[in-house]
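Everything on this sheet refers to the single structure shown next.
The numbers here are math on the coordinates, done by the rules we state, and not lab data. Bear in mind that the values here come from a model prediction, so they are computed numbers and not experimental data. Note that each Cβ is placed from the backbone with ideal geometry, even for glycine, and that neighbours are counted across all protein chains shown.
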Amino acid sequence: MSAQNAKAPGSNTYKLVLALAVVAALAALWHTQIAPRLAARGAVPRAVTPRGNLASDERATIELFQRSSPSVCFITTAAVRRDWLSFNVFEIPQGTGSGFIWDTDGHIVTNFHVIEKAQTAKVTLADQSTWDATFVGAEPDKDLAVLRITAPKGRLTPIPIGTSSDLQVGQKVFAIGNPFGLDQTLTTGVISGLGREIQSVTQRPIRDVVQTDAAINPGNSGGPLMDSAGRLIGVNTAIYSPSGAYAGVGFAVPVDTVNRIIPQLVRHGEVKRPALGVRIGQDQFSQRTGVEGVLVMEVLPGSGAAAAGMRPTIRAPNGAIQFGDIITAVDGRRVKSSADLLDTLERHKPGETVKVKVRRESETTTLEITLTTVP
């Protein structure tokens, strides 16, 4: 093509040159006029300000989560149903909850109410591997249960165990769980109160419960409450909320109770309760008759109570009811109801000897009774 043709308005070369010229003009216009005006209005990304180092408490929280999260797991439960027309078996999802690794044998601790109505359960570890779980044992009165998975030991990171007897209000706490199915969620707060009491699913009181303002929502149940050292100090169990969601008041079963109950569930599948060897009257009967304490109705032959000479309630020859011993204290702890008595005995083990204060007619006496196992 000749130079003359290249300059012709209709030629391709002329169009290309014209397009390049337009682009160059627009670029110049952008840099000289438009960009400065947009920048003045804050309409373009600004330069990033260097952050600097994280605060020491932030670093501590991050490190705690990184250390502790491998011990926390996600639990899903289901009920098994059969279609009687096709004879197919299928699972219906029941719910979700949290749990944590107790040991390298694969024992998983959670709340009893998480698995109460389930027929199958699956455990998802922090590495996202999912395992079928088998039921080991439960203590409904304390809302605790143990499952077991067959994961390799290398995938199991048991949570460190702390104590709850020396906790203080205001102490920092951390909760990891799966609220609303959002696994590995960390919330923080403080201990808001100690020595609280809540009701278990069996309506028995759970005492010495830890109250916290760390956010606990549906799905957090069964997860760990930890201190600033990453040690377990409680099992998140319940919330107080008119709406059913987080309202700033959560409760955790204290670790001292957990550490007493879980080994028994792992070993026996149930709790071996210590017993005096008596049958006691109902609290309503005691209240109606003005009895302050727990009335002994029957003393079991061969029991520690029988050996110590505890007296039962009997019917006298003239037909009148002669009250037996009334238990008012065990090892210095006041007993006003059957719940008080059971709670006090659970602090001991079968084979231990306790001092039981009883009111017998108009006198008070103390009996030394060796505890046995509830039959």
Original post:
Which label marks the calculated value of Cα Rg over 2.2 N^0.38 Å, given the options [x] 1.16; [y] 1.32; [z] 1.60?
Top reply: [z]
**OP:** Assuming a ≥ b ≥ c are the square roots of the Cα gyration tensor eigenvalues, decide whether segment 98-198 counts as rounded (a/c under 1.5), prolate (otherwise, with a/b larger than b/c) or oblate.
**Re:** prolate
**OP:** Could you rank the peptides 347-354, 225-232, 158-165 by their average count of other C-beta atoms within 10 Å per residue, with the highest value first?
**Re:** 225-232, 158-165, 347-354
Original post:
How big is the Rg/Rh ratio for segment 274-373, C-alpha atoms only, Rh by Kirkwood, two decimals?
Top reply: 0.95
Subject >> Long-range HN-HN contacts of Gln171 with modeled amide H, under 5 Å >> reply: Ile191
Original post:
If you plug each phi of segment 345-352 into the Karplus form 6.51 cos²θ - 1.76 cosθ + 1.60 with θ = phi - 60°, what whole-Hz ³J(HN,Hα) values come out, in order, with x for Gly and Pro?
Top reply: 5, 5, 7, 10, 10, x, x, 7
Original post:
About the Cα centre of the chain, what is the dipole size in debye to 20, counting +1 per Lys and Arg Cβ and -1 per Asp and Glu Cβ, all else neutral?
Top reply: 1080
Subject >> Sum of -39500 (n - 2.57) over DSSP H runs of 4+, divided by residues of the chain (222 nm, nearest 500) >> reply: -6000 deg cm²/dmol
**OP:** Could you tell me which of rounded, prolate or oblate describes segment 172-268, using a ≥ b ≥ c as the square roots of the eigenvalues of the alpha-carbon gyration tensor, with rounded for a/c under 1.5 and, failing that, prolate when a/b is larger than b/c and oblate otherwise?
**Re:** rounded
**OP:** List nothing, just return the count: lysine pairs in the chain, 8 or more apart or interchain, with Cα separation under 15 Å.
**Re:** 4
